[in-house]
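Input: a single structure, listed below in structure tokens.
Please treat every number below as a calculation from the coordinates, not as lab data. Since the structure is predicted, the reported quantities are computational estimates derived from the model, not experimental observations. Glycine also receives a Cβ, built like all others from the backbone with ideal geometry; neighbour counts cover every protein chain displayed.
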């Protein structure tokens, strides 16, 4: 499923960026990411938990070699967020989602006014899960509209040439591409939980 692919790519890219190396996740890491996806843990919650783990590890001069180091932080942060933002249900409080969606739309308006309108229209939805799924799909289309996308993709491929085996190259290239495009165009990660 494409939504899950983006979810995994983002986590892998962020983990590698925090480590400061091109890093390929183990089979055990993939099982853990699949569990997070199956549990409905939003991507920004996972990313924030990873950041917390890496910051604490840096203070203690420890090295984080696997996503399993982050599993408790992800679970704890998700439990906190469910209580704070959406409770135990899948409904979004009316005021909460509208404000967040307006902020996201405003942040990407400089790149695509039509997609910004589409994001604002999501306020009618009442399911956080539905909104999150739509935002991931909208973000994919937004990235595809970037005028320099092919040139950036070529640069990423050249940078990774010979550094990553063929089996993992496409996935790693895609993860790096997303990170570079977001940074270059000042695009936020499209999520209610960001």
> Per the helix-only calculation at 222 nm, which mean residue ellipticity applies to the chain, given -39500 (n - 2.57) for every DSSP H run of n ≥ 4 and division by its residues, nearest 500 deg cm²/dmol?
Replying inline: -22000 deg cm²/dmol
>> Taking the number of other C-beta atoms within 10 Å as the exposure measure, put 13, 112, 66 in order starting with the fewest.
In response: 66, 112, 13
>> Largest first, please: the extent of the C-alpha atoms of the chain along each principal axis, to the nearest Å.
In response: 48, 40, 32
>> Please arrange 137, 125, 80 by how many other C-beta atoms lie within 10 Å of their C-beta, fewest to most.
In response: 80, 137, 125
> Do you know the relative contact order of the chain, to the nearest whole percent, from alpha carbon pairs under 8 angstrom that are 6+ apart?
Replying inline: 27 percent
>> I'd like the FRET efficiency for residue 150 and residue 182, computed as 1/(1 + (r/R0)^6) with the beta carbon distance as r and R0 of 22 Å, rounded to 0.05.
In response: 0.80
>> With just the Cα atoms defining each centre, how far is the stretch 153-194 from the stretch 36-77? Give it in Å.
In response: 20 Å
> Once you put a point 7 Å from the Cα of residue 157 and another 7 Å from the Cα of residue 55, both along the Cβ direction, what distance in nm separates them?
Replying inline: 3.8 nm
> Which value in nm describes the separation of the simple spin-label points at residue 118 and residue 65, placed 7 Å from the Cα toward the beta carbon?
Replying inline: 4.3 nm
> If you stretched the chain out fully between residue 166 and residue 76, how much longer would it get, using 0.36 nm times the residue separation minus the C-alpha to C-alpha distance?
Replying inline: 28.8 nm
